[in-house]
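I am attaching a structure below and will ask some questions about it afterwards.
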Amino acid sequence: MLLCIEYNTKEIITHENNTVFAFKYEDNICPIVIATDDYPERVAFYMINEIYRDFISTIPKEEWSSVKQDNKISFNLYTYLTKYKDPLNCDAITQTNIKINENIEKVRVTMDALIRNRENLDVLVDKSKDLSSTTKQLFKQSKKLKKKQCCSIM
């Protein structure tokens, strides 16, 4: 698979609820991340980039360029697996998007409540025995004026 990936291109392969994220660098190093299909793409490629930078700064090129077997280089990937296990903890953009979506939902619920309250106000004014007919008429006229927006500032 790694031979088929072009240099400096993101590769994403999905199969049976899993996704493989890969990026092949010019020096022929191609870190991959295997995750569930709901793992954020941006976080996966950020992790790949971090692994790559740490790998090339830790392991000399002379050591990794001559390796014939994967298990001949000692590089601790466990720290990355721990850090990126929960993508929400390591990605500010995802956290921000979640907060935005939560706030959008709160605004939607509030707007629905306001609309229902407006309808309830109409019903209450009509049913009220404490309001005079003049007050009810004034309420209905003010509603009509709001819809027409006939007032202007001079």
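The values are calculated or read from the model by the stated rules, or taken from the named source; none is laboratory data. Here the structure is a predicted model, which means the values were calculated and not measured. Because the Cβ atoms are built from the backbone with ideal geometry, glycine has one as well, and the counts that use them run over all protein chains shown.
All but one of (1) in a loop (DSSP other than H, G, I, E, B); (2) in contact with a helix residue (DSSP H, G or I) (Cβ under 7 Å, 6 or more places away or on another chain) hold for LYS68; state the number of the condition that does not hold.
Answer for LYS68: the failing condition is (2).
Further, regarding this structure: Can you tell me which of (1) at pLDDT below 90; (2) surrounded by 13 or more Cβ atoms within 10 Å (Cβ to Cβ) is the one ASN71 doesn't meet?
The one condition ASN71 does not meet is (2).
Further question: Determine whether the range 79-98 contains at least one residue that is assigned by TED's automatic domain parsing to the domain that holds ILE29, loosely packed, with under 11 Cβ neighbours inside 10 Å and touching a residue at least 12 places away in the same chain (Cβ under 8 Å).
Among the residues of the range 79-98, not one is assigned by TED's automatic domain parsing to the domain that holds ILE29, loosely packed, with under 11 Cβ neighbours inside 10 Å and touching a residue at least 12 places away in the same chain (Cβ under 8 Å), which makes the answer no.
Which one of GLU41, GLU63, GLU102 is farther than 24 Å from CYS4 by Cβ and surrounded by 11 or more Cβ atoms within 10 Å (Cβ to Cβ)?
After ruling out the rest, the residue left standing is GLU63.
Could you pull out the residue among TYR46, TYR25, TYR39 that is among the hydroxyl-bearing types (Ser, Thr, Tyr), closer than 22 Å to ILE93 by Cα and out of contact with any Asp or Glu (no Cβ under 8 Å at 6 or more places or on another chain)?
Checking each option against the conditions leaves just TYR39.
Could you go through the range 28-39 and let me know if any residue there is of a type in the set (D, E, K, R) and closer than 23 Å to ILE98 by Cβ.
Among the residues of the range 28-39, at least one is of a type in the set (D, E, K, R) and closer than 23 Å to ILE98 by Cβ, which makes the answer yes.
It is to be established whether one or more residues within the range 25-32 are surrounded by fewer than 12 Cβ atoms within 10 Å (Cβ to Cβ) and more than 27 Å from the chain's Cα centre (by Cα).
Yes.
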